[in-house]
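Shown next, in structure tokens, is the structure this report addresses.
The values are calculated or read from the model by the stated rules, or taken from the named source; none is laboratory data. All of these numbers come straight from a predicted model, not from anything done at the bench. When we count neighbours, we look across all protein chains shown, and the Cβ atoms used for this are built from the backbone with ideal geometry, even at glycine. The area values use the complete protein model at the heavy-atom level, side chains included, leaving out ligands, DNA and RNA. Shrake-Rupley method; radii C 1.70, N 1.55, O 1.52, S 1.80 Å.
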Amino acid sequence: MTKSEQRYFHVFAHNNTKQSPHYYLMYTVIRDMEHWEEVLFDRHLQNQPFYPQKAVVKHQLYQKLLDALHLYHLEQDEEEKIKRKLHQAYLLIARNLPAQAEQLLTKAIHQISEKEIFNCWPEAIRIKQMLLEQSLRKGNQTKAIETWQQQSETYNLIIQQEQALKWQKINAYQRHFYGHSGEPAVLHDDPVSPPISTMGQADYQQILALQAFQEQRSAAAYEHNLLQLNLLESCLNAHRGVPNRYLSVFYNLLIDQLQLEEYEKLYQGLEKLRSLPKQKAFQKIKNIQSKIFTWSFQLELNAFLQQQDFASGYSLLASLKKGIHDYQKELGTPARASLMHLGGLFAFHYGDYALALDFLTPLYQQRPDLKQPIYRYAHLLYLLAHYETGHWEWLENTLVNSKRQFRQAGIRSDNMDIWLLDLLKSLIQIQPRKDIGSQHNSIFQKYDPSTPLEKFLQLKFWLTKKEKGQ
């Protein structure tokens, strides 16, 4: 729940009482937990008077949360505001107040047209038909009926086109994730003929972007994502779910810029991305700050990584470390691991091996599954940092265990990961270190930079330094 939703639920739960209801006490226990754990949850509840009826209270909490969220969004959501006007118009008709109903209906239809919330249109038509039936008793309504039929046909066509595009989008994602389900969708060359709403055009561009991505046409995918983003930006406050979708498309656009090596555009985009939480439309998104923190640092550090600009990346590490600490409750495990690996990588290549170990040690101590690349390469980087720190006796003993763990994880002996473990074992035997280049030049030449080892560790940069005896 967002902070505003939490505040609303507090008011909702205490509407008729000063004391907190049992279901709200249970809610506070869940809210204050760092992560969900059934045993810990049960332990916190044992001192509560409702503990024997906890199953009943838990069900009540579920229902009350849904009720509160429903009421909250009735007041906040543009679509729900239109539905409320339409229902109020219906109530006025039922009480034989057609003039007042007509006024409300006119306002609702204006909002439907202005905000392009056309899924409310069928109900607006039903209300208008009721008003026309009543007005027939007062005189000929031919002109009004013809006008409404024409407008209805236009809006119905828009709705049909939107629905067709949504199904095409679903099928496009089906092909993207599972690689089958028929041929690519056949789309109109002109997405505004027949008439189509802004959201329909955005769906159209999303389909084209996905197809371009599947065909490895990065530049085309970027252009379609850019068009989609501009369309979504024009209706951020009009449609439910648009801010979330905008954020996702913006992230995809920044990834396109990274892949296309459009670094200046990427940096400008990151500045805009970091400013989004200040906008009202995005403040309702859960964990928006931590999400943007994760995405922006991943993208910016990867951009510096592609350019091997380790100094610029290193300058961000203090902010990165603070953010990981500040958002530790909100960061998912994969995101946290990715950020800590990147922090360790930039510190290592910049030569701050103590800081590299600060980032990497928690990942190593988790004893994670080394079949997962991010943990396996963080493990290798951790060993490299200890080598550069001079912990050679510790490293010599640890390498034996590491090699066994890698083989247990299914890493074959001819894999470059095993090659690096063997290299470290031989390097710690050479003193002084300036002789490493002359003694291991032939071994360094066996390194294959096309493997994931290079992607995750930028190892060629480090090996070049070793060849020079640095």
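Some points to look at:
- The number of residues in segment 397-408 being closer than 12 Å to Leu380 by Cβ, within 37 Å of the chain's Cα centre (by Cα) and either open to solvent by 20 Å² or more (accessible area, probe 1.4 Å) or not small (Gly, Ala, Ser) (or both) comes to 3.
- Single residue of segment 339-370 satisfying the filter (of a type in the set (Phe, Trp, Tyr) and farther than 25 Å from Lys291 by Cα) that is least open to solvent (accessible area, probe 1.4 Å): Phe348
- Residues of segment 203-222 satisfying the condition of being more than 18 Å from the chain's Cα centre (by Cα), surrounded by 21 or more Cβ atoms within 10 Å (Cβ to Cβ) and among the polar types (S, T, N, Q): Gln205
- Matching residues in segment 114-154 - criterion: being of a type outside the set (A, V, I, L, M, F, W, C) and within 33 Å of the chain's Cα centre (by Cα): Glu114, Lys115, Glu116, Asn119
- The residues of segment 35-45 that are open to solvent by less than 100 Å² (accessible area, probe 1.4 Å) and of a type outside the set (Val, Ile, Thr), listed by number, are Glu37, Glu38, Leu40, Phe41, Asp42, His44, Leu45.
- Within the set Gln53, Gln19, the sole residue that is exposed (fewer than 11 other Cβ atoms within 10 Å of the Cβ) and free of Cβ contacts under 8 Å to residues at least 40 places away in the same chain turns out to be Gln19.
- Residue count for segment 232-264, restricted to those that are open to solvent by 40 Å² or more (accessible area, probe 1.4 Å), farther than 17 Å from Gln283 by Cβ, in contact (Cβ under 8 Å) with a residue 12 or more places away in the chain and assigned to a helix (DSSP H, G or I): 4
- Test: residue in segment 372-392 that is assigned to a loop (DSSP other than H, G, I, E, B), among the polar types (S, T, N, Q), open to solvent by 40 Å² or more (accessible area, probe 1.4 Å) and under 15 Å from Thr451 (Cα atoms): no
- Residue list for segment 412-458, restricted to those being at pLDDT below 75, among the β-branched types (Val, Ile, Thr) and in a loop (DSSP other than H, G, I, E, B): Ile430
- Here is the figure for segment 329-382: residues that are modelled with pLDDT under 90 and among the small types (Gly, Ala, Ser) total 1.
- Residue within segment 77-94 that is open to solvent by 50 Å² or more (accessible area, probe 1.4 Å), closer than 21 Å to Lys286 by Cα and within 28 Å of the chain's Cα centre (by Cα) present: no
- Among the candidates Leu105, Leu92, residue that is more than 29 Å from Ser234 (Cβ to Cβ), in a helix (DSSP H, G or I), of a type outside the set (S, T, N, Q) and at pLDDT 80 or above: Leu92
- Qualifying residue in segment 24-34 (condition: of a type in the set (A, V, I, L, M, F, W, C), part of a helix (DSSP H, G or I), modelled with pLDDT of 90 or more and open to solvent by 60 Å² or more (accessible area, probe 1.4 Å)): no
- For segment 121-144, the condition of being among the β-branched types (Val, Ile, Thr), under 25 Å from Gln211 (Cβ atoms) and either at pLDDT 75 or above or surrounded by 15 or more Cβ atoms within 10 Å (Cβ to Cβ) (or both) holds for none of the residues.
- Of note, Glu114 satisfies the criterion of being open to solvent by 70 Å² or more (accessible area, probe 1.4 Å) and either of a type outside the set (Lys, Arg) or in contact (Cβ under 8 Å) with a residue 24 or more places away in the chain (or both).
- Lone qualifier among Leu360, Leu331 - being in a helix (DSSP H, G or I), in contact (Cβ under 8 Å) with a residue 12 or more places away in the chain and not aromatic (Phe, Trp, Tyr): Leu360
- A search for C-beta distances below 8 Å between a residue of segment 31-50 that is over 23 Å from Gln6 (Cβ atoms) and any residue that is open to solvent by 80 Å² or more (accessible area, probe 1.4 Å), counting only pairs 6+ apart in sequence or on different chains, returns Pro49/His22.
- Search result, residues across segment 298-309 that are among the hydrophobic types (A, V, I, L, M, F, W, C) and without any contact (Cβ under 8 Å) to a residue 60 or more places away in the chain: Leu299, Leu301, Ala303, Phe304
- Pairing residues of segment 276-295 that are within 15 Å of Ser4 (Cα to Cα) with residues that are at pLDDT below 90 and small (Gly, Ala, Ser), at Cβ distances under 9 Å and at least 6 apart in sequence or on separate chains, gives Gln283/Ser4; Lys284/Ser4.
- Scan segment 280-307 for residues that are open to solvent by 80 Å² or more (accessible area, probe 1.4 Å) and farther than 26 Å from Asn237 by Cβ and the total you get is 2.
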